[in-house]
Every structure is written in C-alpha cells, then in structure tokens.
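Trainee: Take this structure first; my questions come after.
The values are calculated or read from the model by the stated rules, or taken from the named source; none is laboratory data. Remember, it's a predicted structure, so these values are computed and weren't measured experimentally. Here the Cβ positions follow ideal geometry from the backbone for every residue, glycine too, while neighbour counts run over all protein chains shown. Heads up: the accessible areas ignore ligands, DNA and RNA and are worked out on the full protein's heavy atoms, side chains in. Shrake-Rupley method; radii C 1.70, N 1.55, O 1.52, S 1.80 Å.
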Amino acid sequence: MISETTNKKIHLVNVIVFCGILVLGCIASLAMKKESISEMENRKLTAFPKYADSTLWSGDYFKQLELYYADNFPFRNKWISLSGKFRNNIGFESSDIKIYEPANDAESNEKTDTAREETINSGPLPDDGVTGEIKKRVFVFKNRAFEMFGGGPAMGRSYANVINSYNHLGIRKLQVYNLIIPVALEFEITQKYAKLQRPNRPAIENVYKSLDSNIKKVWAIDEIRKHREEYIYFDTDHHWTSLGAYYAYRAFCNTAGLTPVLLDTIPYKTKKSFLGSLYRLTRDPTLQSNPDSVRYYLFPDSVRFYIGSNNAPAYWGKSKMYAESVNGTNSYSVFLQGDLPIVKMETLHKNGRKIAIVKESYGNAFAPFLINNYEKVIVVDQRYYTGDFVKMLKAEGINELLFINNIFAAHTPFHIDKIKGLMKK
C-alpha cells in the first residue's frame, strides 16, 4: 500500500512534469517559425494580436491571443494529421451529419412531363455493390468525395427572380444568360444511394422555368452528362476540372451562337498532387492515396489580362491569366489568379462581343475558354466585388452578361443576396 508521503511525491512530480511540458511548449511556440497560412486547412492562421487598452478591457485581446496559440502550437499539422488517422481507425463520424430527405410537399413534387422524362433518362446508375460512407456531410464513394445537393424549389425561384432583375438594367441590347453547374454526384450516384440528394436536373429546370423568356438558359448539365466517364470533376475537391468546364463552355457556345475551340491541339500544363477541399474536410485516407491533378490550357490567342479594383473603377493593373506559381492544396487557384473581385481579359478579336461573367469559384476554370470567342471578357466574383457594377458594365461597353453558379450557390441565400447586392452600388 502506497503511503501518503509517496502519494504527495508522485503528485508533485506530475505537477512538475506537466508544468515543464507547458514551459517547453511555450518556448517552442515562441521560437519556432510561424506560418501565416495553413495549406492543410487552406485558410489564414491567426496573427499575434496588437495590444490596445480597449481590447484588453473588453477581453478581445485575450481571445485573440488564445486563437493565436491554438493556430501556432508546435507540430500542429502533424497533430491534425494524427487526429484524422485516429478518427478513421476507430470509425469516428461527426455527430452533426445530416442526410437530405426530399420534402413530402406539393411544391417539391411539382414536375412537368419533360422533367419526369429527363429524371428517368438521367437518373441514378444501377447498384454495383460498392459501399459508400458519409463523413462530415461528405459522401465518400469509389475513392472519391462528393457533396450532396438538397436545395428546394422556393430558393431556386428566388435565385431566378434576382437574375430576372438584371434583365431590366436599361443597358441597350444587353443579352443575359444563366448557367447552373450540377454537382459531381449527379453523374455517379447509384440506385442504392439515390435518396442522398435531390436530382439536379429538375432543380435546374425549376430555376430556368422561372426566368424571363428572353434570358438564355444554358443546359450545361446535358452536355456534361455525355462525358460522365471522363475526368470532369476532381476526386478530392468540390470543383470541376478544366475539362468539365470545357463541356459547359461548349454548351454555352451552342446557346450563344459561337463556335467552341477544339482542345485536340491546345497545349496545356498540369499541377500534380492536388488534395482538395473535400479531403481537407474529411481527412479520408482513401482520398489521400488518390490525389488529383489540375490541367490548364495555354491558348494561342494573344490576351491582355488585368486585375481591377473595387474602389477605383478606371484602374486595371496588368497581370497574367494563370497563377503558375501556386501548387499543392492551392492548385485550383491557378485559374484567373484565384478568387479576385474583378479581372478583365482583352483579346485580338474585333467582333464587338463583350461579356461580363458573374460567378463564384467554379467560374474561374470556365472563363479562360471565352477568350477564344470574345473581344473582351470581364469576370466579377459576386462574393468580393463591391464596386459600382452597373456603372462598370456601361463603361466597358458590355453587351452580354452571364451568371454562372454551381447548383449549391443557386440555392443559397448568401450567394443570392450577393448577386442582388451588386445592383445596389
């Protein structure tokens, strides 16, 4: 039996060891090189807070200090990686997983005969016996990761109403287009998992039916479906590949009366070992062993690329269309230098066609294809542009306007509000 004196000594040793670990950790945290960005999580890390009496007394200073140490403790990335492996080994799943179940109401059951036909023709694939798993709201299936769409028809109509408002800007002969991008799971889901998401085509049709008749609707989903067995979406990231974007571009050209460029003879470069957003979210080992590659095409047409400003409408700084220095988890940012508020591309085409694209990140891989057909291409990110959008359209002589969004964005209040907000500047 251990004596009370021995117990006290053991307790004292534990306290000393614990305090020693804290001191060493603190010293290591201060001495080790600090990173400003976590490539593993694809986000900025908290910077050391600046002292101010106001933040000290409000408690904000210590909150920021706590966040700083949480983001900069020693060997942080290794601990995160180890945690991910541990969760996979014990079969851990987040408790906040939610699987979409279609609403059993009259509104969600509204379908035209055409929609019913398309749903049958483009429905889930036959069950092939492969088992999938849901991890943190992501469906991991066949060594790939998929987002699951569950947007409702009322939200789709709200998106359409906002697009309709741009059909009445008072800009002479402005042609408006709308292109909604389906999710990858639309083309890979099997009968066994059919209830995991709402079919994309009826949801897109619901939006298109709500648009003004003279707004041109681009059925990219049908063109993409023809190539479902090709590398059109990333395996570890939520975006499409440049090839998937190309097929949407072909559908757009068909709608806009353009001749699409052929890729057979176009040179390209490739970013390898890309582990994208869905891998970072799930840390799934099967995804880690199946990294993506990012291809971008080097079109022979001469193009001048400019980065614009939110606050100075006349400013256009010359730059390059591709950010060739990016790599690793940031490889998708090669397109258009990433998610910039506004960029402009001017070409040698003198056909009078000048288009503005309003998009989220999916549009980055799509926009470069249009330099093969347009005299001017301006790309605005609805999330970050805060300038006078309508004034910019008039100043740049824009006569075509394309809204291109993935199906989640077209059914999300955040994106709908951002698009609506562009008119209020």
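Trainee: From the backbone phi of segment 166-173, what are the Karplus-calculated ³J(HN,Hα) couplings (6.51 cos²θ - 1.76 cosθ + 1.60, θ = phi - 60°) in whole Hz, Gly and Pro given as x?
Mentor: Rounded to whole hertz, the list is 7, 7, 10, 7, x, 8, 4, 6.
Trainee: Under the rule of at least 5 residues apart or a separate chain, name every residue whose amide H is placed under 5 Å from the amide H of SER309.
Mentor: TYR315
Trainee: First select every other residue whose beta carbon is under 13 angstrom from the beta carbon of SER325; then total the charges, Lys and Arg +1, Asp and Glu -1.
Mentor: My count for the surroundings of SER325 gives +2.
Trainee: Can I ask one more? FRET efficiency for ASP417 and VAL17, Cβ-Cβ distance as r, R0 = 56 Å, nearest 0.05?
Mentor: Between ASP417 and VAL17 the formula returns 0.55.
Trainee: Note down the magnitude of the dipole of segment 205-354 about its Cα centre, charges +1 on Lys and Arg C-beta and -1 on Asp and Glu C-beta and zero elsewhere, to the nearest 20 debye.
Mentor: 480
Trainee: Another question, then. Could you run the Karplus curve 6.51 cos²θ - 1.76 cosθ + 1.60 with θ = phi - 60° over segment 371-387 and give me ³J(HN,Hα) per residue in whole Hz, x for Gly and Pro?
Mentor: Taking θ as phi minus 60°, the curve returns 5, 7, 10, 10, 6, 9, 10, 10, 10, 10, 8, 4, 7, 10, 7, 10, x Hz for segment 371-387.
Trainee: Rounded to two decimals, what is the ratio between the C-alpha radius of gyration of segment 180-287 and 2.2 N^0.38 Å?
Mentor: Output field value: 1.23.
Trainee: Right, another one. Using θ = phi - 60° and the Karplus curve 6.51 cos²θ - 1.76 cosθ + 1.60, what whole-Hz ³J(HN,Hα) does each residue of segment 182-198 get, with Gly and Pro shown as x?
Mentor: Those phi angles translate into x, 8, 4, 4, 4, 9, 10, 5, 9, 4, 4, 10, 4, 7, 5, 8, 6 Hz.
Trainee: Give me the distance in nm between label points sitting 7 Å out from Cα along the Cα-to-Cβ direction at LYS320 and LEU24, one decimal.
Mentor: 4.6
Trainee: So for segment 323-425, what percent of the C-alpha to C-alpha distances run longer than 16 Å?
Mentor: Within segment 323-425, distances greater than 16 Å cover 58 percent of Cα pairs.
Trainee: Which of the pairs LYS135/LYS195; LYS226/LYS376; LYS269/LYS350; LYS376/LYS424 have their Cα atoms more than 21 Å apart in this structure?
Mentor: Result: LYS226/LYS376; LYS269/LYS350; LYS376/LYS424 exceed 21 Å.
Trainee: Taking every Cα atom in segment 137-194, find the radius of gyration and the maximum pairwise distance Dmax, and write them in Å.
Mentor: 17.0, 51
Trainee: Please give the net charge around LEU211, taking every other residue with its beta carbon less than 13 angstrom from that of LEU211, where Lys and Arg add +1 and Asp and Glu add -1.
Mentor: Charge balance in the 13 Å sphere: +2.
Trainee: Taking the Cα centre as origin and putting +1 on Lys and Arg beta-carbons and -1 on Asp and Glu beta-carbons, what dipole magnitude results for segment 221-261, to the nearest 20 debye?
Mentor: Using Cβ point charges on Lys, Arg, Asp and Glu, segment 221-261 gives about 180 debye.
Trainee: A further question follows. For ARG383 and LYS424 in one chain, what is 0.36 nm times their gap in residues minus the Cα-Cα distance, to one decimal in nm?
Mentor: Computed gain between ARG383 and LYS424 is 13.3 nm.
Trainee: Next question. Quote the FRET efficiency, to the nearest 0.05, computed for TYR231 versus LEU262 with a Förster distance R0 of 22 Å and r equal to the Cβ-Cβ distance.
Mentor: My answer for the efficiency is 0.75.
Trainee: Which percent of the Cα-Cα distances in segment 232-367 go past 23 Å?
Mentor: Summing the P(r) of segment 232-367 above 23 Å gives 39 percent of all pairs.
Trainee: Okay, next question. Label points 7 Å out from Cα along the Cβ direction at ASN351 and ASN161: separation in nm?
Mentor: 3.7
Trainee: Ok, one more. Keeping every protein chain in place, order ARG353, ARG201 by accessible area at 1.4 Å, biggest value first, i.e. largest first.
Mentor: ARG353, ARG201
Trainee: Please name whichever of LEU340, GLY387, VAL326 sits farthest to the positive end of the charge dipole of segment 274-399, dipole taken about the Cα centre and charges placed at Cβ: Lys and Arg +1, Asp and Glu -1.
Mentor: Of LEU340, GLY387, VAL326, it is GLY387.
Trainee: Going 7 Å from the Cα of ASP212 along its beta-carbon direction, which residues of segment 403-425 have the amide nitrogen within less than 20 Å of the resulting point?
Mentor: 403-405, 416-425
Trainee: Any idea how far the Cα center of segment 165-211 sits from the one of segment 376-425, in Å?
Mentor: After rounding, the separation between the Cα centres reads 17 Å.
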